Each structure stands twice: as structure tokens, then as C-alpha cells.
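The next block holds one structure in the form of C-alpha cells; read it before the comments.
The values are calculated or read from the model by the stated rules, or taken from the named source; none is laboratory data. Here the structure is a predicted model, which is why all the values come from computation and not from measurement. Note that each Cβ is placed from the backbone with ideal geometry, even for glycine, and that neighbours are counted across all protein chains shown. Quick note on the areas: whole protein, heavy atoms, side chains included, nothing else; ligands and nucleic acids left out. Shrake-Rupley method; radii C 1.70, N 1.55, O 1.52, S 1.80 Å.
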Amino acid sequence: MKLRSYRKKIGISQLEAAKQLGVTIDVYKSWEYNIRIPRAKNMNEITSWSLGEVTPNDFYLAERK
């Protein structure tokens with residue numbers, strides 16, 4: 001599942017998601033819009049935060065712009 005889809009599924013804003021993950025809104029947006037791929041530590045946090053619904057493959061398999 002894509003990061004954005006999961007965030008919308010749980011009904012929170014990008015700012016709230018960024019706060020929950022301990023990153024700035026700009027960093028979070030760069031992940032959600034596939035501008036940057038999270039570092040390994042952040043990927044582990046995202047996977048835990050999303051209860052396994054967002055995985056590293058969701059970032060690597062995303063179409064890069």
C-alpha cells in the first residue's frame with residue numbers, strides 16, 4: 001500500500017503523519033510524492049507505524065517521476 005493511501009485510510013493529515021513518524025512535513029511529503037526514498041531506519045518506522053501495510057517495496061516499486 002502506498003504511504004498516501006495508508007494515511008488517507010486512517011484519516012490523518014500529512015502534518016500529523018509527519019509528527020507521528022518524527023520527521024518534518026517536507027521530509028514526509030518527499031516520501032509521499034516519491035521524490036525521495038526513506039532511509040532504512042525510517043522505512044522500519046513506517047512499516048511499524050502502518051502495522052505492516054506500507055513496506056519498503058512500496059517505495060522501490062513506485063514509478064519515479
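Restricting to the stretch 22-41, what's the tally of residues that are farther than 13 Å from residue 54 by Cα and outside any loop (DSSP other than H, G, I, E, B)?
So the count comes out to 8.
Report every pair of residues separated by at least 6 positions or lying on different chains whose Cβ atoms are under 6 Å apart, first residue within the stretch 27-52 and surrounded by 12 or more Cβ atoms within 10 Å (Cβ to Cβ), second not in a helix (DSSP H, G or I).
30/36; 31/38; 34/62; 46/54; 47/55
Residue 16 - would you say it is part of a helix (DSSP H, G or I) and over 9 Å from the mean Cα position of the chain (by Cα)?
Considered against the rule, which asks whether it is part of a helix (DSSP H, G or I) and over 9 Å from the mean Cα position of the chain (by Cα), residue 16 comes out as yes.
Just one of the numbered conditions (1) at pLDDT below 95; (2) open to solvent by 70 Å² or more (accessible area, probe 1.4 Å); (3) among the charged types (D, E, K, R); (4) within 11 Å of the chain's Cα centre (by Cα) is not true of residue 58; which one?
Status for residue 58: all satisfied but (2).
Out of the stretch 3-26, which residues are within 20 Å of residue 40 (Cα to Cα), without any contact (Cβ under 8 Å) to a residue 24 or more places away in the chain and surrounded by 14 or more Cβ atoms within 10 Å (Cβ to Cβ)?
17, 18, 19, 23, 25
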